[in-house]
1. Among the candidates L128, L101, single out the residue that is among the aliphatic types (A, V, I, L, M) and over 29 Å from A30 (Cα atoms).
2. Mind telling me which of the residues L101, L81 ends up being in contact (Cβ under 8 Å) with a residue 24 or more places away in the chain, of a type outside the set (D, E, K, R) and assigned to a helix (DSSP H, G or I)?
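None of the figures in this text is laboratory data; all of them are computed from the coordinates on show. Predicted, not measured: the structure shown is a model, and the values here were computed from it. Note that we place each Cβ from the backbone using ideal geometry, even for glycine, and neighbour counts take in every protein chain shown.
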Amino acid sequence: MTTTPHDPTIRRLEGLLHQLMGLINKAAGAGTLEMMNTHQLTLPQMVALHVIRYEGPISTLRLMDDLRLSASATSHLVEKLVEKGWVTRRENLEDRRQKQLEITPAALQMLDEMAVQRAHEFQVAFGLVDPATRAKLADAFENVIEQLKTGGSS
């Protein structure tokens, strides 16, 4: 089943998810954002760290494609991550023109700490929701996740 971005249900989900994330942030404080600020990380840098973590080692070109950034924006982003000690950059042994990016142990620890913080924020927010609604939501999320993993509904 294929839908378009103009599908009213998709637009509704878009708005609901945006609202949900805002309400989670409001209910649980902004600990994750505070941690990003403490580490002087921008949202694009944070997304890049997650991409490198789960796909790395990764070439700069692949990161550029994954993030849909220009070459100069990607280069600047990577340089900042290297300067902060979150990413290492080395020559690709198969193609010396390319650089390989790998996440550092310090970045892994920081991302794990942020995941714990984010989990706490979700626990606080969803703790305000009645158990029956939480169970329905969990079932719906599991269904959506399974369909996304398999490429959609059958």
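1. On the way: L128 fails: over 29 Å from A30 (Cα atoms).
Checking each option against the conditions leaves just L101.
2. Numbers: L101 fails: assigned to a helix (DSSP H, G or I).
From the options L101, L81, the qualifying one is L81.
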